[in-house]
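K.L.:
Handing you this structure, nothing more for now.
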Amino acid sequence: PPAALALLCSSVAAVVVWKWLGKKQIQKKMEEARRTRDEGVKKMAKAVQQFREQVPSVQRDAILSLPLLELTGRLREGSLSPKTVLYTYLEKALEVTQQTNCLRHFIPECEEQLQEIQQQREKGLLYGIPVSIKDHIGHKGHLSTCGLVQCLGTPVQEDSVLVKVLKRQGAIPFAMTNVPQSLFNYDCSNPIFGQTLNPFNHQKSPGGSSGGEGALIAGGGSILGIGSDIGGSIRLPSSFCGLCGLKPTAERLRGGPVCLLNMDVCSRPTPVPCALGPMARDVDSLALCMKALLCQEMFQLDPTVPPIPFDEEVYSSSAPLRVGYYDTDGYFPLPPCMRRAVREAGGALQAAGHQLVPFSPPRIPYVMTELFLKTFFADGGRAWLDVFTGDIVDPSLKPQVNCCKIPRLGKKLLALILKPLVTIPPPLKALATISTCRSVKEMWNHHHQIQVYRIEFIARWRELQLDVVLCPVLGPAFTTGYPGKLLTAISSTMLYNVLNFPAGVVPVSTVTEADEEELKLYHGCCDDPWDRTLKEAVAGAVGLPVAVQCVALPWREELCLRLMKEVETLSREK
């Protein structure tokens, strides 16, 4: 009847108008956030200009070239002033973010912190050092957005524990860096603040989710940064950008409050915990940062952090190490240059007197599918999809979002079809056969299986009497947009999140013309679409950094850093 038809048409029109108004509201919020960011950049540029006019004789390049240990020494002895160092790095950060879009926001209170540290009776280990922090690490008066429109409303009410400790040690947090939307991506793009670029090649990604940190430090705009890691989010940007980065045992450091809506992947309590850790240009900088953070202030502010100070004796030891090594985990074959890096680093370690032992991590396909992915998609991805309610999904996340939107029945049918097939590529099988936890009992069993695997892994480690492990990390830097197409390529880093082992990345080489030629012959696991996509992602990387990964048992961060330092020293000598 005409009346019913008119009612239907008006209802459809109302829904269309309602959705249009909703999108307009989202666009308005994003534009306001970008405008606030741009105004902050202009104010900081003005402050830097005023400083340059007042002190025109500053030798900027000389200051920027100083390693962290030398810079701290110069600041403590008084031959450099904290103000000079701060404004030098602010000026450089302005240049780097103009080229790479790595900053989400400057922290104007850095000038207040500058005054406060000069009144402290004792100079902390990081006295006068400008430090950048990842977007979701809470700083009083600033947003922790996680790249989500829902998080644009309310500023953080107090500094996170980690920021408080940094300030107590004399550091000056001066910038918050960009992240991918929801942090669940190893590219670095979100609809609010846009795509961050790799400073060495603007066609390439800086990695993620600590990609803003990676780009800023690699570009020279920060000397020390704090990131977080739940699948490789410190180690992948370090690999892509040629930095040193450490993912500690998750409970060794605490950050305090993150995204206020508890919607990012680092906020939820899971059996695969999120770890906070440092990123810098060299291993000694990471060690100094850990030494500064593992102090009484940290242990008092958060009693759940074990009161274990940094063990300088272990880090500085010269005793030979028994090093397990492998150049592939047998799940997602990495490009030839990354495997070459492990072999060369292993050879250098052996020549230096360390003992190398072949090591094979057990059951990686099982770990990737049944332990890691199931942890985050135990509910079929519904909680993660809720993050995007009233938001615009970033293009780099659409493959994962669309996968989660497949109805449960569709996923079951796909799993039934693909599970029996032996020749199906691991990435497709992984995504197709992710099972959900349908009851509390199943969830407890899932947690138990993770513990069982950790026990199995440690038993194999102990059986070989290993001190540490040398292994590959994903790289070199992907072309922007490709990380979202290859979620399962992160098996090399993901493993040590499931195990909750400390793991660090150190650059050892660069991509050569010979590597690029060898890449043309790369077939991966099955020469399937995933292998071909990886080949496309890393092509055109001549001159970009190549890194390796170093691993130790839980709570042995100092031993992990010791191996990283050995590898760094040997690669620099070469």
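K.L.:
Restricting attention to the stretch 193-244, report how many residues are closer than 16 Å to V179 by Cα, surrounded by fewer than 24 Cβ atoms within 10 Å (Cβ to Cβ) and not polar (S, T, N, Q).
P.N.:
4
K.L.:
Need the failing condition index for E516 against (1) touching a strand residue (DSSP E or B) at 6+ places or on another chain (Cβ under 8 Å); (2) surrounded by fewer than 20 Cβ atoms within 10 Å (Cβ to Cβ); (3) part of a helix (DSSP H, G or I), just the number.
P.N.:
(1)
K.L.:
Taking the residues in the stretch 167-184 that are open to solvent by 10 Å² or more (accessible area, probe 1.4 Å) and modelled with pLDDT of 95 or more as candidates, determine which candidate is nearest to P395 (Cα to Cα). Quick ask: steps written out before the conclusion?
P.N.:
Of the residues in the stretch 167-184, the ones open to solvent by 10 Å² or more (accessible area, probe 1.4 Å) are 167-169, 184.
Still in the list and also modelled with pLDDT of 95 or more: 167-169.
Details: K167: 37, R168: 40, Q169: 40 Å.
For the stretch 167-184, the residue satisfying everything is K167.
K.L.:
Filter the stretch 450-478 down to the residues that are small (G, A, S) and within 24 Å of the chain's Cα centre (by Cα) and list them by number. Can you show your working first?
P.N.:
Initial filter on the stretch 450-478 (small (G, A, S)): 459, 475, 477.
The answer is G475, A477.
K.L.:
Filter the stretch 486-509 for residues that are out of contact with any strand residue (DSSP E or B) (no Cβ under 6 Å at 6 or more places or on another chain) and either without any contact (Cβ under 8 Å) to a residue 40 or more places away in the chain or surrounded by 24 or more Cβ atoms within 10 Å (Cβ to Cβ) (or both) and give the result.
P.N.:
Filtering the stretch 486-509 for residues out of contact with any strand residue (DSSP E or B) (no Cβ under 6 Å at 6 or more places or on another chain) gives 486-491, 493-495, 497-500, 502.
The answer is A489, S491, T493, M494, L495, N497, P502.
K.L.:
I've got another one for you. Tell me whether the stretch 541-556 contains one or more residues that are among the small types (G, A, S), more than 18 Å from T328 (Cα to Cα) and surrounded by fewer than 21 Cβ atoms within 10 Å (Cβ to Cβ).
P.N.:
Yes, the conditions are met somewhere in the stretch 541-556.
K.L.:
Taking G524 as the residue in question, decide whether it is among the small types (G, A, S), within 22 Å of F372 (Cβ to Cβ) and surrounded by 24 or more Cβ atoms within 10 Å (Cβ to Cβ).
P.N.:
Taking the combined requirement at face value, the residue does not satisfy it.
K.L.:
Just a yes or no: is a residue in the stretch 484-497 more than 13 Å from D187 (Cα to Cα), small (G, A, S), modelled with pLDDT of 95 or more and more than 16 Å from the chain's Cα centre (by Cα)?
P.N.:
No: the stretch 484-497 contains no residue that is more than 13 Å from D187 (Cα to Cα), small (G, A, S), modelled with pLDDT of 95 or more and more than 16 Å from the chain's Cα centre (by Cα).
The values are calculated or read from the model by the stated rules, or taken from the named source; none is laboratory data. What you see is a predicted model, and the numbers here were worked out from it, not measured in a lab. Note that each Cβ is placed from the backbone with ideal geometry, even for glycine, and that neighbours are counted across all protein chains shown. Each accessible area value is taken on the protein alone, full model and side chains, heavy atoms only, with ligands, DNA and RNA left out. Shrake-Rupley method; radii C 1.70, N 1.55, O 1.52, S 1.80 Å.
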